[in-house]
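What follows is a single structure, written as structure tokens, with notes after it.
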Amino acid sequence: MARTQDHPGEQAAQDPIRLLEIRETPLSVDEIFRAVGDDAAGGIALFVGTVRNHDEGQEVGALGYSCHPTATDELRRVAEKVVAEFPVRALAAVHRVGELTVGDLAVVVAVSCAHRGEAFEACRKLIDDLKHEVPIWKHQRFSDGTEEWVGAG
């Protein structure tokens with residue numbers, strides 16, 4: 001591996017994008033955390049999105065996520081943009097689709113960098129861009145019988 005220019009002694013990561021998936025099975029924080037492990041990283045920032053029991057004052061009774069067939073490609077594009085903008089050592093992002101219940105993990109993203117500030121900024125960019133650009137839609141069904149679709153912009 002090549003040495004990085006700005007931090008002598010560090011080894012450059014081969015491919016910082018370690019895990020990108022959209023899956024129907026339950027998510028694991030431990031899996032995502034392990035995926036971004038890197039001996040040269042001084043900080044790992046992790047975000048976990050969970051299904052909450054309400055939205056805009058209404059009680060959520062059921063919730064499902066679905067995605068467009070291009071969602072994985074768009075997720076990769078978002079990840080590559082984050083890697084290009086920040087000094088990322090490792091990155092992982094997994095989003096769940098299918099029927100979920102209150103408390104389930106819907107999305108887990110993590111980024112490791114040499115320093116904590118960079119890790120926080122990169123992780124925030126990753127989750128924000130994922131939510132705005134990856135075609136994943138949330139179908140909320142409320143306890144009063146109404147429903148709503150929420151999705152990527």
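One table, with the values for the structure above:
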| item | result |
| --- | --- |
| Fully extended contour minus Cα-Cα distance, from Thr50 to Gln14, at 0.36 nm per residue | 9.8 nm |
| Diffusion coefficient, µm² s⁻¹, Stokes-Einstein with Kirkwood Rh over alpha-carbon pairs of region 82-126 at 10 °C and 1.306 mPa s | 138 |
| Surface accessible to a 1.4 Å probe, Glu121 within the full protein complex, Å² | 110 |
| Among [x] 1.04; [y] 1.24; [z] 1.13, the entry derived from the coordinates for Cα Rg over 2.2 N^0.38 Å | [z] |
| Relative contact order of region 48-128, pairs being alpha-carbon contacts under 8 Å that are 6 or more residues apart, as % | 37 |
| Solvent exposure ordering (accessible area, 1.4 Å, most first) of Asp39, Asp15, Asp73, Asp55 | Asp39, Asp73, Asp15, Asp55 |
| Heavy-atom SASA rank of Arg23, Arg77, Arg34, Arg141 (probe 1.4 Å, accessible area, largest first) | Arg34, Arg77, Arg141, Arg23 |
| Table column - 3J(HN,Hα) (Hz), region 38-53, Karplus curve with 6.51, -1.76, 1.60, x for Gly and Pro | 7, 4, 8, 8, x, x, 10, 10, 10, 10, 10, x, 10, 7, 9, 8 |
| Per residue accessible area in Å² of region 9-100, where ligands, DNA and RNA are left out and the probe is 1.4 Å | 52 |
| Size of electric dipole in the chain: Cβ of Lys, Arg +1 and of Asp, Glu -1, about Cα centre, debye, nearest 20 | 300 |
| Sparse-neighbour loop sites [GluC sites (Glu not before Pro); region 13-98; at most 10 other C-beta within 10 Å; DSSP] | Glu24, Glu56 |
| Summed residue charge, Cβ within 10 Å of Arg77's Cβ, Lys/Arg positive, Asp/Glu negative | -3 |
| 5 angstrom amide H check on Ala114, placed H, neighbours 5+ away | Gly42, Arg89 |
| The chain: angle of helix 71-85 to the longest principal axis, Cα-based, in degrees nearest 10 | 40 |
| Degrees separating the helix 116-133 axis from the principal Cα axis of the chain, which is the longest one | 40 |
| Label-to-label distance, nm, for residues given as Asp104 and Ser66 (7 Å Cα→Cβ offset) | 1.5 |
| Relative contact order, percent, region 9-153 [alpha-carbon distance under 8 Å, six or more residues apart] | 34 |
| Residue-by-residue Karplus 3J(HN,Hα) for region 24-29, coefficients 6.51, -1.76, 1.60, Hz, glycine and proline x | 8, 8, x, 8, 10, 4 |
| In Å², nearest 10: area of His115 left accessible to a 1.4 Å probe | 90 |
| Label-to-label distance, nm, for residues given as Thr146 and Ala84 (7 Å Cα→Cβ offset) | 4.1 |
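The values are calculated or read from the model by the stated rules, or taken from the named source; none is laboratory data. Bear in mind the structure is a predicted one, so any value in this text is a computation, not a measurement. Methodologically, a virtual Cβ is constructed for each residue, glycine included, from the backbone with ideal geometry; neighbour enumeration extends over all protein chains shown. The area values use the complete protein model at the heavy-atom level, side chains included, leaving out ligands, DNA and RNA. Shrake-Rupley method; radii C 1.70, N 1.55, O 1.52, S 1.80 Å.
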